[in-house]
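Right, one structure below, let's go through it.
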Amino acid sequence: MYTPMVMQNLLFINTFFEEELSLEKKEHSLLDWLQKHPLYLQLHYLSLLTASHNETPLLAFRPEDRHLKTLETLGFSSNFCLISDSPTSSLLTSFGPSASLQNWAKTKKAFYSIPDIDIVKKVQSKSFALSLFPSLEGSSLIFDESSLLSFWNRVKGPKVLKTLHGSSGRGHFISTQDAEKSPEEALYFFQKQKAVSPELVGQPWVERILDFSSQWEILPNKSINHLGSTLCQNSQKGTYQKSIVGPVD
């Protein structure tokens, strides 16, 4: 009698997603990325709460027994799989496409389908949005010291420099009336960020009225499809808090 093989569905939460896009060529291991910042390691345990009934959380380390018992008390499953294990016939999904997770999947013979990382980097980059949508008056793509100084002298008053893959208020250089920065400080920021962001986006500093995010789908044929936009709720410092998605027409 033939017994069909049951594929295990694994879920991994990689909140280092944006940072890896700018550094993936360095080929950090999955564990390296998790240990790069305490929050990355802490938040990857969210899979214990967000995994559906047919998904198994993929974790780096075993949680303490008391935490597993608490999950069971709250009605959550305490099942999980460790990255040091050797799962067979597994299907892997993640918070965001990851080159390090792709490498791990290859060594474990797990199926992990993601778009080409270079296309993901393109869509996630601020320069992609700048090239497609109307931009703030005075906005500029900065690619060398000359274009930086030109932007700095042209845009009067408060302004901000942003790295291409910075997120949640990180990777910003802010010059406001309360903390005005010199062109020399801006040039130092540009040089310091070159390794992770060869270009910067320069924008005038504005009063926040509405934050939104465009949503894109990368198809198997490598074409890019615009799905729509979601409202973002951020803190006053620009830290992302949540997204608000409306009804689908």
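The values are calculated or read from the model by the stated rules, or taken from the named source; none is laboratory data. What you are looking at is a predicted structure, and each value in this text was computed from that prediction instead of being measured. Ideal geometry is used to build each Cβ from the backbone, glycine not excepted, and the neighbour counts take in all protein chains shown. Just so you know, the surface numbers come from the protein's heavy atoms only, side chains and all, with ligands and any DNA or RNA stripped out. Shrake-Rupley method; radii C 1.70, N 1.55, O 1.52, S 1.80 Å.
Can you grab the distance from the C-alpha centre of region 165-225 to the C-alpha centre of region 31-62, Å, no decimals?
Cα centres, region 165-225 to region 31-62: 28 Å.
What shape does region 156-209 take by its C-alpha gyration tensor, where a ≥ b ≥ c are the square roots of the eigenvalues and a/c under 1.5 counts as rounded, a/b above b/c as prolate, and the rest as oblate?
Since a/c reaches 1.5 but b/c is at least a/b, the shape of region 156-209 is classed as oblate.
Toward the positive end of the charge dipole of the chain, about the Cα centre and with charges on Cβ (Lys, Arg +1; Asp, Glu -1), which of SER90, PRO183, LEU219 goes farthest?
SER90
Hey, got the dipole for region 1-148? About the Cα centre, +1 on K and R Cβ, -1 on D and E Cβ, debye to the nearest 20?
420 debye
Under 5 Å between amide hydrogens, which residues at least 5 positions from GLY96 or on another chain qualify, with H placed 1.01 Å from N in the peptide plane?
Those lying under 5 Å, H to H, from GLY96 are ASN14.
Nearest 5 is fine: what % of DSSP beta bridges in the chain come out antiparallel, could you say?
70 percent
Residue separation times 0.36 nm, minus the C-alpha to C-alpha distance between LEU219 and GLU27: what's the value?
Working: separation 192, 0.36 × 192 = 69.12 nm, distance 2.50 nm.
Taking 0.36 nm per residue and subtracting the Cα distance, the gain is 66.6 nm.
With the Cα gyration tensor of region 170-249 giving a ≥ b ≥ c as the square roots of its eigenvalues, does the rule (a/c under 1.5 for rounded; else a/b larger than b/c for prolate; else oblate) give rounded, prolate or oblate?
Details: a/c = 3.31, a/b = 1.53, b/c = 2.16.
Oblate is the answer for region 170-249, as a/c is 1.5 or above yet b/c matches or exceeds a/b.
Classify region 73-173 as rounded, prolate or oblate from the Cα gyration tensor: take a ≥ b ≥ c as the square roots of its eigenvalues, call it rounded if a/c is under 1.5, otherwise prolate when a/b beats b/c and oblate if not. Display every interim value, and only then the final one.
Numbers: a/c = 3.51, a/b = 2.50, b/c = 1.41.
Prolate is the answer for region 73-173, as a/c is 1.5 or above and a/b outweighs b/c.
Over region 187-247, what percent of the accessible surface lies on carbon and sulfur atoms, probe 1.4 Å?
54 percent
Of the heavy-atom accessible surface of region 42-185 (probe 1.4 angstrom), what whole percent is carbon and sulfur? Please list the in-between numbers first.
Working: 4330 of 8220 Å².
Ligands and nucleic acids excluded, carbon and sulfur reach 53 percent.
Keeping all protein chains in place, calculate the accessible area per residue for the chain (probe 1.4 angstrom), answer in Å².
Accessible area per residue: 62 Å².
With the crude spin-label approximation of a point 7 Å out along Cα→Cβ, what separation in nm comes out for CYS232 versus GLU185?
Modelled inter-label distance: 2.4 nm.
Work out the length of the dipole vector of the chain about its Cα centre, built from +1 on the beta-carbon of each Lys and Arg and -1 on the beta-carbon of each Asp and Glu, and round it to the nearest 20 debye.
Dipole size: approximately 160 debye.
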